Amino acid sequence: MQTPPTERPRLVPGLDMELDDAIDTPAMVDKIASDTLPREISSTIHCTEALVTYLEELHGNRRLDQFLTRAERAQVAQFIASLGDNPARTDEFFSSSSELGYEQRSPSSGWYAGDLAGCREIAKAHHNDSALPEYARESLTLLLALHEYLDDLHGNSDTREILTSAERAQVAGLVSQILGHPPTAD
């Protein structure tokens, strides 16, 4: 059963932030963060950007123009659980295929589950730090909200692995069906 588009969430779940800001914020602050913030905060903002592009990929051809409802996220979590354990996830690095102009990642400078877990802890510790510029606090808060969304998609409370590219394509196909748009061939 599909939810009519007018009822589908357009705010980041758990955060009073418009969807377009969720997509644009990390990319906008990416270069500024590298030059003006402490390294761990800058790295966390880069992780936020990577998480946005990872979630875009899981959303398939819809990217992140809408968020899934809680029931739809549970459906995706059930599908991911049905994929079973995959030892290939242990070494999986995420390489962004975003069409938004973000830098491409590679295993030598990649993003993997350990990065996400570490960045989440940094974001928890600093997202209310008044010494940081507002854009940095916003990116850290965004990382926390998107990580919770990813946890829902994965069906757990602390995502510790990145799906392989083949698995991400399967999830994207399901999400495209849920959102009422057939997957497109790349």
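The values are calculated or read from the model by the stated rules, or taken from the named source; none is laboratory data. Every value quoted in this text rests on a predicted model; they were computed, and no experiment measured them. All Cβ positions, even for glycine, are placed from backbone atoms using ideal geometry, and neighbour counts span all protein chains on display. Keep in mind that these areas ignore ligands, DNA and RNA; they rest on the heavy atoms of the full protein, side chains included. Shrake-Rupley method; radii C 1.70, N 1.55, O 1.52, S 1.80 Å.
Given the conditions (1) open to solvent by less than 30 Å² (accessible area, probe 1.4 Å); (2) modelled with pLDDT of 80 or more, report the number of the one that Pro133 does not fulfil.
Tallying (1) open to solvent by less than 30 Å² (accessible area, probe 1.4 Å); (2) modelled with pLDDT of 80 or more, Pro133 fails exactly one: (1).
Check region 95-105 and report whether any residue there is at pLDDT 85 or above and in contact with an Asp or Glu (Cβ under 9 Å, 6 or more places away or on another chain). Walk me through it before giving the result.
So in region 95-105, the residues at pLDDT 85 or above come out as none.
Looking through region 95-105, none of the residues is at pLDDT 85 or above and in contact with an Asp or Glu (Cβ under 9 Å, 6 or more places away or on another chain).
Residues checked against (1) modelled with pLDDT under 90; (2) over 16 Å from Ala74 (Cα atoms):
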site: Ala117; (1), (2): yes, yes
site: His126; (1), (2): no, yes
site: Leu144; (1), (2): no, yes
site: Leu150; (1), (2): no, no
site: Ser165; (1), (2): yes, yes
site: Ala172; (1), (2): no, no
site: Val175; (1), (2): no, no
site: Pro183; (1), (2): yes, yes
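How many residues does region 64-82 contain that are at pLDDT 85 or above and open to solvent by 50 Å² or more (accessible area, probe 1.4 Å)? Working first, answer last.
Quick first cut of region 64-82, residues at pLDDT 85 or above only: 67-82.
Subsequent filtering for residues that are open to solvent by 50 Å² or more (accessible area, probe 1.4 Å) retains 70-71, 74-75, 78-79, 81-82.
Counting residues in region 64-82 that are at pLDDT 85 or above and open to solvent by 50 Å² or more (accessible area, probe 1.4 Å) gives 8.
For Met17, state whether it is at pLDDT below 60, hydrophobic (A, V, I, L, M, F, W, C) and closer than 21 Å to Leu153 by Cα. Walk me through it before giving the result.
On the way: at pLDDT below 60: no; hydrophobic (A, V, I, L, M, F, W, C): yes; closer than 21 Å to Leu153 by Cα: yes.
Against the criterion (at pLDDT below 60, hydrophobic (A, V, I, L, M, F, W, C) and closer than 21 Å to Leu153 by Cα), Met17 does not qualify.
Would you be able to tell me the number of residues in region 42-63 that are of a type in the set (A, V, I, L, M, F, W, C) and surrounded by fewer than 21 Cβ atoms within 10 Å (Cβ to Cβ)? Before you say what the answer is, go through the steps one by one.
The first filter runs over region 42-63 and keeps only residues of a type in the set (A, V, I, L, M, F, W, C), leaving 45, 47, 50-52, 55, 58.
Adding the requirement that they be surrounded by fewer than 21 Cβ atoms within 10 Å (Cβ to Cβ) leaves 55.
Number satisfying all stated conditions: 1.
Being open to solvent by 20 Å² or more (accessible area, probe 1.4 Å) and within 14 Å of the chain's Cα centre (by Cα) is the filter here; which residues of region 155-183 pass it?
Scanning region 155-183 gives Asp158, Arg160, Glu161.
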